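In what follows, a single structure is set out as structure tokens and then discussed.
The values are calculated or read from the model by the stated rules, or taken from the named source; none is laboratory data. Please read these numbers as outputs of a predicted model, since none were measured by experiment. Please note: Cβ atoms are built from the backbone with ideal geometry, for glycine as well, and neighbour counts cover all protein chains shown. Side chains are part of the model used for accessible areas, which takes the heavy atoms of the whole protein and leaves out ligands, DNA and RNA. Shrake-Rupley method; radii C 1.70, N 1.55, O 1.52, S 1.80 Å.
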Amino acid sequence: MTRSLRRICTIGCVLLALPALAAAQSVAEPGTWTVTPFLNTSMGIDPDVAGNSIGVGAALGYDLTSNLGFEGEFSHLFDVAGDTAGVDWSVTNVSANGVYHFNVQHVTPYATFGLGFEHSGVDVQNTRPNVPLSSTEMAFNFGGGVKYLASRTIIIRGDLRRFEANDTAPDFWRLYGGVTFIMGR
């Protein structure tokens with residue numbers, strides 16, 4: 001692992017390990033729907049296979065309790081092939097995730113785990129017939145992040161997750177920043 005990736009993982013673990021006993025209220029409220037558009041980047045893709053890419057995504061969430069919520073998520077990386085001439089390689093994830101919010105003062109750290117599908121689509125000029133050009137596979141993700149209540153209806157959110165697919169699609173870390181809009185409290 002690179003030094004910066006280790007730092008990010010350490011910071012994430014420290015945030016998740018903060019005591020849940022602090023006299024604070026989670027930003028999650030029971031019966032609340034949220035929508036989160038986000039920008040993201042991949043990290044840690046094997047450089048012999050592919051590179052990192054920027055992407056976009058969105059999540060629709062529902063909080064059952066102040067600690068437990070669920071969200072459906074769509075994210076898309078534009079081109080993990082990078083500057084490779086004649087190759088465009090996009091990766092799209094669709095997943096259903098469980099989210100556990102910790103009660104901590106000022107920010108709300110959370111942990112998440114999800115299952116879904118990862119579609120890896122490769123567009124190669126002058127391809128050989130026996131090279132698979134796309135695949136859709138089962139994938140899982142895990143990670144965590146923090147949420148900060150910026151106003152009554154807006155939450156600022158940062159997230160780090162690991163995505164693992166079962167075959168030819170790339171495995172990677174995803175770092176994202178988003179703005180969550182609270183649809184009803």
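Summary of values
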| item | result |
| --- | --- |
| Sequence ranges 105-112, 156-163, ranked by mean other-Cβ count within 10 angstrom, highest first | 156-163, 105-112 |
| Rounded to the nearest 10 Å², the accessible area of W89 at probe 1.4 Å | 30 Å² |
| Residue order for I154, I45, I54 - accessible surface, 1.4 angstrom probe, largest first | I54, I154, I45 |
| Accessible area per residue in Å² at 1.4 Å probe, computed on segment 51-114 | 43 Å² |
| With DNA, RNA and ligands ignored, accessible area of M183 (1.4 Å probe; Å², nearest 10) | 120 Å² |
| Area accessible to solvent at V124, 1.4 Å probe radius, in Å² | 50 Å² |
| Fraction of accessible area attributable to carbon and sulfur, segment 89-185 (%, probe 1.4 Å) | 61 percent |
| Karplus (6.51, -1.76, 1.60) ³J(HN,Hα), θ = phi - 60°, over segment 156-171, in Hz, Gly and Pro reported as x | 8, 9, x, 8, 10, 9, 9, 10, 10, 9, 8, 8, 8, 5, x, 9 |
